[in-house]
1. Pull up segment 1-14, narrow it to residues that are among the charged types (D, E, K, R) and surrounded by 10 or more Cβ atoms within 10 Å (Cβ to Cβ), then point me to the one that is nearest to residue 68 (Cα to Cα).
2. Search segment 15-44 for residues being among the aliphatic types (A, V, I, L, M) and assigned to a loop (DSSP other than H, G, I, E, B), and hand back the single one that is surrounded by the fewest Cβ atoms within 10 Å (Cβ to Cβ).
Amino acid sequence: MYNELRLTIETELEKDGRWLAEVPELPGVMTYGESPDGAIDRAVALALRVIADEIEHGERRADDLASIFLLPPKRSGFSSASRC
C-alpha cells in the first residue's frame, strides 16, 4: 500500500512582472519565471529534486509516486533477468 502523492502548484503575478509558482505541500518549493509556464516548469523540477532527496534519506517511499510512475508489482526473490 502506498500514500498517493498529490501536489498543488499555485501561481501569482508579482508587482515586478515576474511569475511566482509554489508547491505548498513541499516547504521551500517556490520559483520565479518570466511566464506562468516558466515558473511552473521550474517549480516542478525543484519539487522532483526535493522528493528525490526525501526518498534517498528515507523520509518518503518511492511507492508514494505510483500515481506518477508505473511501478512493477512487488515480488519476492529475483526475476529471471536478474544478474548474480
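Every number in this text was worked out from the coordinates using simple rules, so none of it is lab data. The shown structure was predicted, so the numbers you read here are calculated from the model rather than taken from an experiment. Positions of Cβ are generated from backbone atoms using ideal geometry, with glycine treated the same way; all protein chains shown enter the neighbour counts.
1. Step one: list which residues in segment 1-14 are among the charged types (D, E, K, R), which gives 4, 6, 10, 12, 14.
Filter once more, so that each one left must be surrounded by 10 or more Cβ atoms within 10 Å (Cβ to Cβ): 4, 10, 12, 14.
Values: 4: 9, 10: 19, 12: 25, 14: 31 Å.
Among them, the one singled out is 4.
2. In the first step, residues of segment 15-44 are kept if they are among the aliphatic types (A, V, I, L, M); the result is 20-21, 23, 26, 29-30, 39-40, 43-44.
When the remaining residues are screened for being assigned to a loop (DSSP other than H, G, I, E, B), the result is 23, 26, 29.
Numbers: 23: 21, 26: 19, 29: 22.
It comes out as 26.
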